[in-house]
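Notes to accompany the following structure.
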Amino acid sequence: PSSNGDKKKSKGAPKYLKADVVSVGDEFLAAAVTRGLVLPLDPSVVQNEWYARLPYTWRELATRDPRTGYPSAPAPPAPPGRYPNTTAVYTNGDDQITAGRPAMYGVPYRWGCTLIAYRKDKLPASLRDSPPRDWDDLWRPEFK
């Protein structure tokens, strides 16, 4: 929110407001990266124990190619026992950002599963022997 209380947009005002921390879902991260809306974490994150404990898949999902926004091969973690307490993040433009090298743009913090729940007694009798087992099943003509 604006601190001056003025609802008019001033000339030269930034198109986007700046934030210290944002939460962006994976489906929007590529667009945020390629548009420069988010900055990568400092490369020193690989020196942290939490990074070393992340499974490769999670490190890969958070490491993005700044040109495409798509996942890229992550940096290897530091060897066990060599974890300084570093939690720095970029606060301004840095050569690492503009060099076009993949960087870690996020930290996975939530995941889960989504399931299909239904009452079998509400299915037509013809569908009780072949209930939905996959999301694609919901588009079967007999479920319309």
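Observations on the model:
- Just one of the numbered conditions (1) loosely packed, with under 14 Cβ neighbours inside 10 Å; (2) modelled with pLDDT of 80 or more; (3) under 30 Å from Asp20 (Cβ atoms) is not true of Ser72: (1).
- Among the residues of the stretch 114-144, those that are open to solvent by 80 Å² or more (accessible area, probe 1.4 Å) and assigned to a helix (DSSP H, G or I) comprise Lys120, Asp121, Lys122, Ser126, Trp135, Asp136, Trp139, Pro141, Glu142.
- Of all residues in the stretch 42-64 being of a type outside the set (Lys, Arg) and within 13 Å of the chain's Cα centre (by Cα), the one that is surrounded by the fewest Cβ atoms within 10 Å (Cβ to Cβ): Thr57
The values are calculated or read from the model by the stated rules, or taken from the named source; none is laboratory data. Only a predicted model underlies this, so the values are computations on that prediction, with no experimental measurement involved. FYI the Cβ positions are ideal-geometry reconstructions off the backbone, even for glycines, and counts take in every protein chain you see. Each accessible area value is taken on the protein alone, full model and side chains, heavy atoms only, with ligands, DNA and RNA left out. Shrake-Rupley method; radii C 1.70, N 1.55, O 1.52, S 1.80 Å.
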